[in-house]
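Participant: Below are the structure tokens for one structure; questions will follow.
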Amino acid sequence: MERLLPDDDATSALGAELAATLAPGDLVILEGDLGAGKTALARAIIRTLANDPALDVPSPTFALVQPYDTPKGPVLHADLYRLVDPREVDELGLLDNPNAIVLVEWAERSPEIVAAASVVITLAIPPGGMGRLVSVTRR
Ligand SMILES: Nc1ncnc2c1ncn2[C@@H]1O[C@H](COP(=O)(O)OP(=O)(O)OP(=O)(O)O)[C@@H](O)[C@H]1O
Ligand SMILES: [Mg+2]
């Protein structure tokens with residue numbers, strides 16, 4: 001699936017839509033440059049999974065991984081941008097719970113995570129800078 005998301009509301013709406021397609025055990029990687037909208041989309045997905053439109057979903061850039069308890073089970077939101085060594089990823093436990101829904105930004109830092117992905121989301125800023133282009137592929 002490919003789509004143009006004209007504004008922030010469209011990103012939120014897609015997040016809600018995608019959340020409904022996710023099941024425990026899904027590992028979603030979000031690709032795209034700095035500012036492409038990975039956290040914005042993950043936030044919308046997590047708020048829908050948590051059934052809480054006002055839930056605080058900070059960027060996990062510094063914590064590396066942020067856990068959430070939701071009615072759909074545990075959700076982990078990770079950002080591997082600051083990962084120095086791919087081996088560090090094991091300590092984050094992203095693959096430890098087969099019933100978790102895991103969302104990962106900058107998964108390129110860990111070939112192991114990329115290989116384990118069940119859903120690949122790619123976000124890009126189109127030429128001209130209006131909105132975002134998104135593609136979603138289920139493996
Ligand atoms: N469809 C859209 N059209 C225009 N702007 C958008 C759209 N969706 C999100 N944005 C904006 O794009 C920015 C995305 O920031 P965000 O932190 O989500 O990027 P990121 O990909 O997570 O970056 P990083 O690699 O630093 O983690 C936000 O300012 C958000 O408001
Ligand atoms: Mg981010």
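Coordinate-derived values only; no laboratory data. Bear in mind that the values here come from a model prediction, so they are computed numbers and not experimental data. Please note: Cβ atoms are built from the backbone with ideal geometry, for glycine as well, and neighbour counts cover all protein chains shown.
Participant: Please go through the stretch 13-24 and pick out each residue that is touching a Lys or Arg at 6+ places or on another chain (Cβ under 8 Å) and within 13 Å of ligand 1 (Cβ to nearest atom).
Facilitator: Leu14, Gly15, listed by residue number.
Participant: Under the condition of being within 10 Å of ligand 1 (Cβ to nearest atom), hydrophobic (A, V, I, L, M, F, W, C) and out of contact with any helix residue (DSSP H, G or I) (no Cβ under 8 Å at 6 or more places or on another chain), which residue from the stretch 25-62 is nearest to Trp106 (Cα to Cα)?
Facilitator: Once the filter is applied, the top-ranked residue is Leu34.
Participant: If you check Gly93 against the conditions, is it surrounded by 13 or more Cβ atoms within 10 Å (Cβ to Cβ), small (Gly, Ala, Ser) and more than 19 Å from Ile125 (Cβ to Cβ)?
Facilitator: For Gly93, the condition - surrounded by 13 or more Cβ atoms within 10 Å (Cβ to Cβ), small (Gly, Ala, Ser) and more than 19 Å from Ile125 (Cβ to Cβ) - is met.
Participant: Would you please name the residue that is farthest from ligand 2 (Cβ to nearest atom), looking only at residues in the stretch 25-49 that are surrounded by fewer than 23 Cβ atoms within 10 Å (Cβ to Cβ) and basic (Lys, Arg)?
Facilitator: My answer is Arg47.
Participant: Kindly list the number of the only condition in (1) more than 8 Å from ligand 1 (Cβ to nearest atom); (2) closer than 19 Å to Arg139 by Cβ that fails for Pro71.
Facilitator: Pro71 satisfies every listed condition except (2).
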